[in-house]
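Everything on this sheet refers to the single structure shown next.
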Amino acid sequence: MKDSKDDVRIEIYKTIRSKTNADFLKLVDRIKEYTSSENILAKISASADYISSNWMAAKYRLRKHEGVLACSAEGHVYHVLS
């Protein structure tokens, strides 16, 4: 993998933006090879499942807001209010 968390994050974003869900899952498997902590592996799996389940929304968000860091508070607030 790359040298830092930021490098890995950038690689994940690039994969989501321009590649397929299968390519993303291959990248996730590659990332999992670099950790042995069960806790971290569970977090990686949960995150990958969430992104895969919302693949088109993730692609849209990263294409639409490239370079913009945001949070999911708006979605959480909308969910609570609904």
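The values are calculated or read from the model by the stated rules, or taken from the named source; none is laboratory data. Because the structure is predicted, anything quoted here is derived from the model rather than measured. Ligands, DNA and RNA are excluded from the accessible area calculation, which covers all protein heavy atoms including side chains. Shrake-Rupley method; radii C 1.70, N 1.55, O 1.52, S 1.80 Å.
Assess whether Ala48 counts as being hydrophobic (A, V, I, L, M, F, W, C), open to solvent by less than 40 Å² (accessible area, probe 1.4 Å) and at pLDDT below 90. Spelling it out, it is not the case that Ala48 is hydrophobic (A, V, I, L, M, F, W, C), open to solvent by less than 40 Å² (accessible area, probe 1.4 Å) and at pLDDT below 90.
Of the residues making up the range 20-65, just one is of a type in the set (Phe, Trp, Tyr), under 13 Å from the mean Cα position of the chain (by Cα) and within 20 Å of Ser4 (Cα to Cα), namely Phe24.
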